[in-house]
Amino acid sequence: MSTRASAVIRETRPGLPGAWCELVAELHSLAGQSKEAASCVLEAGRRAPRQGALETATSSLRKARELAELHNDSDQLAAIDDALITALGLAGNYAPAGHGRLIQHPTSVPAARSGRWPGPDLQPETSL
């Protein structure tokens, strides 16, 4: 029944706006479909910062990670970790994020990869 309900909601609410995304995630979870549930929770977690809900974003993304760990999809886990690192950075939480990764300002990772830093005050220090 949960699977059918999630399908009907997806048909009638394209893109799963607002709370529909979280409802479909819950339905997938009840049906034992952890990968689909994790995808919906990931999307909800990505949307939350746009509404200023940083705590909601981080808790949603942690839940998405728990769901994704049930089926051990490395691509999905990486996408969740990237979104979680960004959300934690936006929330000002620069503590270890778990899973051996440190939180950095969201612009620092792409800047470091490209070698282009956003401004002179953000240049990396070369001496210790």
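Tabulated data
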{"read-out": "Residue order, fewest to most beta carbons within 10 Å, for ILE9, ILE85", "value": "ILE9, ILE85"}
{"read-out": "Where labels lie 7 Å past Cα in the beta-carbon direction, separation of ASN93 and ARG4 in nm", "value": "4.0 nm"}
{"read-out": "Inter-probe distance in nm under a simple model that places probes 7 Å from Cα toward Cβ, at ASP82 and ALA53", "value": "2.3 nm"}
{"read-out": "Vicinal HN-Hα couplings computed from phi for region 64-77 (Karplus, 6.51 cos²θ - 1.76 cosθ + 1.60; Hz; Gly/Pro x)", "value": "4, 5, 4, 5, 5, 5, 5, 10, 6, 8, 5, 5, 5, 4"}
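No lab work stands behind these numbers, since they all come straight from the coordinates. Owing to the predicted nature of the structure, the values given are computational and were not obtained by experimental measurement. Positions of Cβ are backbone-derived with ideal geometry, glycine not excepted, and every protein chain shown enters the neighbour counts.
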